[in-house]
Amino acid sequence: MAEREPSESPTGPQAGRISQADIEVGRARIVRPDGSHDADAVPDLDDQQLQDLYRWMVLERTFDERMVSLQRRGELGTYASGRGQEASIVGSGYALEGDDWLLGTGREAAAMLLRGVSIRDLVLFWRGVGDAAKFMAEENAMIAISIGSQLPMTTGAAWGMALDDAESVVAAYFGDGATSTGTFHEALNFAGVLGVPAVFFCQNNQYAISTPFEKQTRAGTLAQRAVGYGIEGIRVDGNDVLAVYEAMREARALARGGTPAFVESVTYRMDAHTTSDDPTRYRDESEVEEWERRDPIDRYEAFLRSKGLFGEVDREGIVEEVEAEFRAGLEAADDYPEGDVEAVFEYLYAELPPNLEEQLAAFEALLEERPEINDYIERRPKG
Amino acid sequence: MQATIVTAINDALHTAMAADDRVVTLGEDVAESGGVFRATEGLKEEFGDERVVDTPLSEIAIVGGAVGLAVYGYRPVAEIQFSGFLPPAFDQLVTHASRIRWRTRGTWSVPMVVRMPYGGGVRALEHHSESLEGAYSHVPGLKVVVPSTPRDAKGLLLAAVRDPDPVLFMEPKRVYRSFREEVPEGDVEEPIAEAAVRREGEAVTVVSWGAMMEPTTAAVERLGVDAEVIDLRTIAPMDTETVVGSVEKTGRCVVVHEGPRTGGVGAEVVARINDDALMYLEAPVERVTGFDVPVPMLAMEDYYLPNPPRVAAGIERVLSV
Ligand SMILES: Cc1ncc(C[n+]2csc(CCOP(=O)(O)OP(=O)(O)O)c2C)c(N)n1
Ligand SMILES: [Mg+2]
């Protein structure tokens, strides 16, 4: 076991202090806001992949726009847009591999799609169709609505991977707000103790609904928390897709080697928290405009141009393609069958226990006897 | 003044904070934005950000912090954004809030309120729809209050803030804005632990509370039966006397609640009737409740929620015996 306290570590009346002022974390960045970059730092991706990242970011943006307008038309319950966070979502999702798990929070659509979840299933999820989570689980993905609640199970699933000598990692996706929960602390600490292949990917988008980062913590950064758990921390410019990709690759490799990693991706939530939120109540338009100028897609476009790779990219063509994909996904969601009463009782246990069997039978009988109950059962929103 | 439940709650918070400067409001998004349901709107502007505090995202810190404030002598009103997010803080309620008076043999106490919107029918995501008053009322030392009208929302919340013990104040968010009624201005309290008889009748007693009062009342009206409708208002400690007194008169009873059936508050109501009025019963007590499952995702949630025809079926069943 590594020695915790080297003998040369200083002692004395002034020793033993640690302060915020000692910590200067910085931020990993590869592409500067004007698109200029250090050629050596560009990750080892071929031209095709570099262009692919662009396509995925445009997909995230288009998907968010479509979902927000669907919700406005009453065709979704609610929706949490990732607008402004495209580099963070895509760069991280692109770095995951094979059988990696993704335990998310809902604001990572493209990362879910990269894992193999379909557009149809994301639409179904926001329509409140229970089966959506079944299809996500089939792709080793889940969305946890209770903030921070998926973090201990991230550690546990990664533990299982370690016991199995699996090649994969568990990536937890969550926001800055989630880092204030008790489960965050308990999960990262335990992951550190066990040395399991867990990657904790935090999108610090500056807000938890109306609560700004400064009210979430007195610490200067989130990444520095990693030190307290003896795991590795990376703080990355979350509007630089290549830097996020690289950070996530590194975190994944660390985790595979037995050192869990915590990645703080510093970005900004351009849209409302969800479609039910009104951000003008708590933040200045000028702040939003400032971040508008740091648009991750524009930055990456400038990068591709400087590499001479943008000539072959046809943004309008991509948008059209993505919209066609979205329409197909939406149609599939519209066609997805309505559930019946049984769906309310199914899957709670491996086998329906007698009390539920009884309740189901009684309810089915009542529905027959009093069809007027159906007047109180609204069909789910559809196109 | 005319108020909805949510504006009545807002009014009660303003009144409580103006009357006692040791009342402090805390929770996620309560200050700057006035709460996701606007229940705390205007408090920060009126009482400042020392007494109206946006907390980090931690239910444990909110409830546990409120316990500490209360023990020290403040009167915290903590908001949990949705009751589905109380579970992390359940530990603080069970381990400390509910038993500090008992533990310290009366030396310390926890005069705090935890407010939280509860219940289904608002087309929200998972964990935004549950009604677990049964579980919370099982914790000795907690009071559990569930208003169903604007007037009660104001009066009971004011009483809860002044109550010497911890009160879990569950707000029926489905009917937060669905109707208005006249609510008295100023400082008015409604008594905790007293049920309200909403309608007098001889044929059957129907007991409910919170958001289920609506389908219950609708079913009674539709059937045109001479029912006595009781709004329990406080789940713990329960006003057994009003329920039992009514059942002695009617001989029949239906309990309606949204939470799961097994171990629900309905079971407790039945037990109390058995204890005190069994011989008056002319029919078994009927329960119309949620099923023993999590509230389904929004596309299916209407299958779960008791509605007027389901309540009517329950009433007809006890009347048919
Ligand atoms: C335990 C818990 N408490 C409260 C909420 C209500 N809520 C939903 S999202 C949210 C803010 C989350 O902020 P953050 O973690 O920064 O993620 P973001 O939404 O910014 O992506 C809150 C308070 C919740 N879902 N879960
Ligand atoms: Mg956030």
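The values are calculated or read from the model by the stated rules, or taken from the named source; none is laboratory data. The structure displayed is predicted, hence computed values, not measured ones. Every residue, glycine among them, receives a Cβ derived from its backbone with ideal geometry; neighbour counts consider all protein chains shown. The protein model used for the area step is the full one, side chains on, heavy atoms only, and it has no ligands, DNA or RNA in it. Shrake-Rupley method; radii C 1.70, N 1.55, O 1.52, S 1.80 Å.
Sort B:51-63, B:202-214, B:105-117 by packing, meaning the average of other beta carbons within 10 Å per residue, with the highest value first. Mind dumping the intermediate values first?
Numbers: B:51-63: 22.6, B:202-214: 26.1, B:105-117: 19.9.
In descending order of packing, they fall as B:202-214, B:51-63, B:105-117.
With contacts defined as alpha carbon pairs under 8 Å and 6 or more residues apart, what's the relative contact order of chain A in percent?
Working: 617 pairs, mean separation 86.8, N = 383.
Averaging sequence separation for qualifying contacts and normalising by length gives 23 percent for chain A.
With the Cα gyration tensor of segment B:199-240 giving a ≥ b ≥ c as the square roots of its eigenvalues, does the rule (a/c under 1.5 for rounded; else a/b larger than b/c for prolate; else oblate) give rounded, prolate or oblate? Before the final figure, lay out the partial values.
Numbers: a/c = 3.78, a/b = 1.55, b/c = 2.44.
Because a/c hits 1.5 or more and a/b fails to exceed b/c, segment B:199-240 counts as oblate.
In debye, nearest 20: dipole of chain A around its Cα centre with unit charges on the Cβ of K, R (+) and D, E (-)?
Values: 37 positive and 72 negative charges, 284 e Å.
Rounded to the nearest 20 debye, it is 1360 debye.
Considering segment A:26-334, what Rg and Dmax in Å follow from its alpha-carbon atoms?
Using the Cα atoms of segment A:26-334, the pair Rg, Dmax is 18.3, 51 Å.
GNM, chain B, Cα, under 10 Å: largest mean-square fluctuation among B:Leu223, B:Leu13, B:Leu125?
The residue that fluctuates most here is B:Leu125.
Of the trypsin sites (Lys or Arg not before Pro) in segment A:17-110, which ones lie in a loop per DSSP and count no more than 11 other C-beta atoms within 10 Å?
Details: sites: A:Arg17, A:Arg27, A:Arg29, A:Arg55, A:Arg61, A:Arg66, A:Arg72, A:Arg73, A:Arg83, A:Arg107; in loops: A:Arg17, A:Arg27, A:Arg29, A:Arg73, A:Arg83, A:Arg107.
Counting only loop positions with at most 11 other Cβ atoms within 10 Å, the trypsin sites (Lys or Arg not before Pro) in segment A:17-110 are A:Arg17, A:Arg73.
Based on the Cα gyration tensor of chain B, what are the three equivalent ellipsoid semi-axes, each the root of five times an eigenvalue, rounded to whole Å and given largest first? Each step should come with its number before you reach the end.
Details: eigenvalues 215, 83, 69 Å².
Whole-Å semi-axes of the equivalent ellipsoid: 33, 20, 19.
Taking 30 Å² as the minimum loss, tell me which residues in segment B:49-63 lose that much accessible area going from the chain by itself to the full protein complex (1.4 Å probe).
Buried on complex formation: B:Asp54, B:Pro56, B:Leu57.
So what's the Cα pair-distance distribution over the protein assembly as shown, bin width 20 Å, in %?
Calculated P(r), rounded to whole percents: 17, 46, 30, 7, 0.
Whole Å is fine, so just give me how far the alpha carbon centre of segment A:214-270 lies from that of segment A:124-140.
Cα centres, segment A:214-270 to segment A:124-140: 28 Å.
Take the eigenvalues of the Cα gyration tensor for segment B:196-319, scale each by 5, and report the square roots as semi-axes in whole Å, largest first. Walk me through the intermediate numbers first.
Working: eigenvalues 100, 52, 31 Å².
In descending order the semi-axes read 22, 16, 12 Å.
Name the residues of segment B:267-300 whose accessible area falls by at least 10 Å² when all protein chains are present instead of the chain alone, probe 1.4 Å?
Buried by the other chains: B:Phe291, B:Asp292, B:Val293, B:Pro294, B:Pro296, B:Met297, B:Leu298, B:Ala299, B:Met300.
Cα gyration tensor of segment A:255-359, axes a ≥ b ≥ c as square roots of the eigenvalues: rounded (a/c below 1.5), prolate (a/b > b/c) or oblate? It would help to have the intermediate numbers written out before the result.
Numbers: a/c = 1.97, a/b = 1.79, b/c = 1.10.
Prolate is the answer for segment A:255-359, as a/c is 1.5 or above and a/b outweighs b/c.
What is the percent carbon and sulfur in the accessible area of segment A:98-137, measuring with a 1.4 Å probe over the protein chains and ignoring ligands?
Numbers: 540 of 1040 Å².
That share works out to 52 percent.
Taking H as built 1.01 Å from N, whose amide H comes closer than 5 Å to the amide H of B:Val207, not counting residues under 5 places away?
When sequence neighbours closer than 5 places are left aside, the close amide H contacts are B:Ile230, B:Val254, B:Val255, B:Val256.
Can you tell me which of A:Ala261, A:Ala243, A:Ala365 moves the most in a GNM of chain A? Springs connect C-alpha atoms under 10 Å apart.
Result for chain A, Cα springs under 10 Å: A:Ala365 fluctuates most.
Could you give each residue of segment B:134-144 its phi-based ³J(HN,Hα) in whole Hz, using Karplus coefficients 6.51, -1.76, 1.60 with θ = phi - 60°, and x for Gly or Pro?
Once rounded to whole Hz, the list reads x, 5, 5, 6, 7, 8, x, x, 9, 9, 10.
For segment A:88-178, I need the span (max minus min coordinate) of the C-alpha atoms along each principal axis, in Å, sorted largest to smallest.
37, 27, 26
In a Debye calculation with equal point scatterers on the alpha-carbon sites of segment A:146-253 and no solvent, what is log10 I(q)/I(0) at q = 0.10, 0.18, 0.22 Å⁻¹?
Relative scattering, expressed as log10 I(q)/I(0), comes to -0.27, -0.89, -1.29.
For segment B:64-219, which whole percent of the accessible surface, found with a 1.4 angstrom probe, sits on carbon and sulfur atoms?
With neighbouring chains kept in place, the figure for segment B:64-219 is 52 percent.
Residue by residue through B:304-312, how many Cβ atoms from other chains fall within 10 Å of the Cβ on average? It would help to have the intermediate numbers written out before the result.
Details: counts 3, 2, 1, 7, 4, 10, 6, 0, 3.
Counting other chains' Cβ atoms within 10 Å and averaging over B:304-312 gives 4.
Which of the lysines could be linked to B:Lys143 by a straight reach, that is with a Cα gap under 27 Å, when you skip same-chain ones fewer than 8 residues away?
B:Lys154, B:Lys173
Given a 1.4 Å probe, how much area per residue of segment A:18-57 is accessible, in Å²?
Working: 2540 Å² over 40 residues.
That works out to 63 Å² for each residue.
What list of ³J(HN,Hα) values in whole Hz, one per residue of segment B:302-316 in order, does the Karplus curve 6.51 cos²θ - 1.76 cosθ + 1.60 (θ = phi - 60°) give from phi, with Gly and Pro shown as x?
Karplus values, whole Hz, x for Gly and Pro: 5, 5, 7, 6, x, 10, x, x, 5, 5, 4, 4, x, 5, 4.
For segment A:5-124, state the semi-axes of the equivalent ellipsoid (square roots of 5 times the eigenvalues of the alpha-carbon gyration tensor), sorted largest first and rounded to whole angstrom.
Details: eigenvalues 300, 91, 49 Å².
Each semi-axis is √(5λ); the values are 39, 21, 16 Å.
In the neighborhood of B:Arg287, defined by Cβ-to-Cβ distances under 15 Å, what is the net charge if each Lys or Arg adds +1 and each Asp or Glu adds -1?
Numbers: positive: B:Arg252, B:Arg261, B:Arg272, B:Arg310, B:Arg317; negative: A:Glu358, B:Glu133, B:Glu258, B:Glu268, B:Glu286, B:Asp292, B:Glu316.
Net charge around B:Arg287: -2.
Divide the volume of the convex hull of the Cα atoms of segment B:1-108 by its number of residues and quote the answer in cubic angstrom per residue.
Working: hull volume 11.8 nm³, N = 108.
For segment B:1-108, the hull spanned by Cα atoms encloses 110 Å³ per residue.
When only alpha-carbon atoms count, how far does segment B:2-182 stretch along each of its three principal axes, as whole angstroms with the largest first?
Extents along the principal axes, in whole Å: 44, 34, 31.
Do any GluC sites (Glu not before Pro) in segment A:100-169 lie in a DSSP loop with no more than 15 other beta carbon atoms within 10 Å, and if so, which?
Sparse-neighbourhood loop GluC sites (Glu not before Pro): A:Glu167.
Heavy atoms only, probe 1.4 Å: what % of the accessible area of segment A:207-328 goes to carbon and sulfur, would you let me know? Walk me through the intermediate numbers first.
Working: 2290 of 5300 Å².
The nonpolar share, carbon plus sulfur, comes to 43 percent.
For segment B:111-193, what number results from the quotient of the Cα radius of gyration and 2.2 N^0.38 Å? Provide the component values of the computation, followed by the final result.
On the way: Rg = 13.3 Å, N = 83, 2.2 N^0.38 = 11.8 Å.
It is 1.12.
Please figure out what share of the DSSP beta bridges in chain B is antiparallel and state it in percent, rounded to the nearest 5.
Values: 7 of 39 bridges.
Of those bridges, close to 20 percent are antiparallel.
Which angle from 0 to 90°, rounded to the nearest 10, does the C-alpha axis of helix B:59-72 make with the longest principal axis of chain B?
Roughly 70 degrees, rounded to the nearest 10.
Run lengths n ≥ 4 of DSSP H only: what is the helix-derived mean residue ellipticity at 222 nm for chain B, with -39500 (n - 2.57) per run over all residues, to the nearest 500? Provide the component values of the computation, followed by the final result.
Numbers: 12 runs with 114 residues, N = 321.
Value at 222 nm, helices only, nearest 500: -10000 deg cm²/dmol.
Using only alpha carbon pairs under 8 Å that are at least six residues apart, calculate the relative contact order of segment B:195-302 and give it in whole percent. Mind dumping the intermediate values first?
Numbers: 183 pairs, mean separation 31.0, N = 108.
For segment B:195-302, the relative contact order is 29 percent.
How many Å² of accessible surface get buried when B and A come together, counting both sides, probe radius 1.4 Å, rounded to the nearest 100?
Details: alone 13230 and 19310 Å², together 28840 Å².
Approximately 3700 Å² gets buried when B meets A.
What residues of segment A:211-226 lose no less than 40 Å² of accessible area with every protein chain in place versus their chain by itself (probe 1.4 Å, heavy atoms only)?
Residues passing the criterion (a loss of at least 40 Å², heavy atoms only) are A:Thr211, A:Lys215.
Helices from chain A with mean Kyte-Doolittle at least 0.0 and a Cα length along the axis of 20 Å or more, per DSSP H: which? Show your work: numbers first, answer last.
On the way: long enough: A:47-72 (38 Å, -0.88); A:241-256 (22 Å, 0.32); A:315-335 (30 Å, -0.53); A:354-369 (22 Å, -0.17).
Flagged H segments are A:241-256.
Against the longest alpha carbon principal axis of chain B, how many degrees, from 0 to 90 and to the nearest 10, is the axis of helix B:150-162 turned?
The angle comes out near 50 degrees.
Per DSSP H run of at least 4 residues, take -39500 (n - 2.57); add these up for chain A, divide by its residues and hand me the 222 nm value, nearest 500 deg cm²/dmol. Don't skip to the end; give the middle numbers.
Details: 15 runs with 169 residues, N = 383.
So the helix-based figure for chain A works out to -13500 deg cm²/dmol.
I want to verify a result. In a Gaussian network model of chain A, Cα cutoff 10 Å, which of these has the top mean-square fluctuation: A:Pro296, A:Pro152, A:Pro371?
Fluctuation is largest for A:Pro371.
If one takes the longest principal axis of the Cα atoms in chain B, at what angle in degrees, from 0 to 90 and to the nearest 10, does the Cα axis of helix B:213-223 lie?
For helix B:213-223, the angle is close to 20 degrees.
Return the loop-located chymotrypsin sites (Phe, Trp or Tyr not before Pro) in segment A:120-196 (DSSP other than H, G, I, E, B) with at most 10 other Cβ atoms within 10 Å of their own Cβ; answer none if there are none.
Values: sites: A:Phe125, A:Trp126, A:Phe135, A:Trp159, A:Tyr173, A:Phe174, A:Phe184, A:Phe190; in loops: none.
Answer by residue number: there is no such site.
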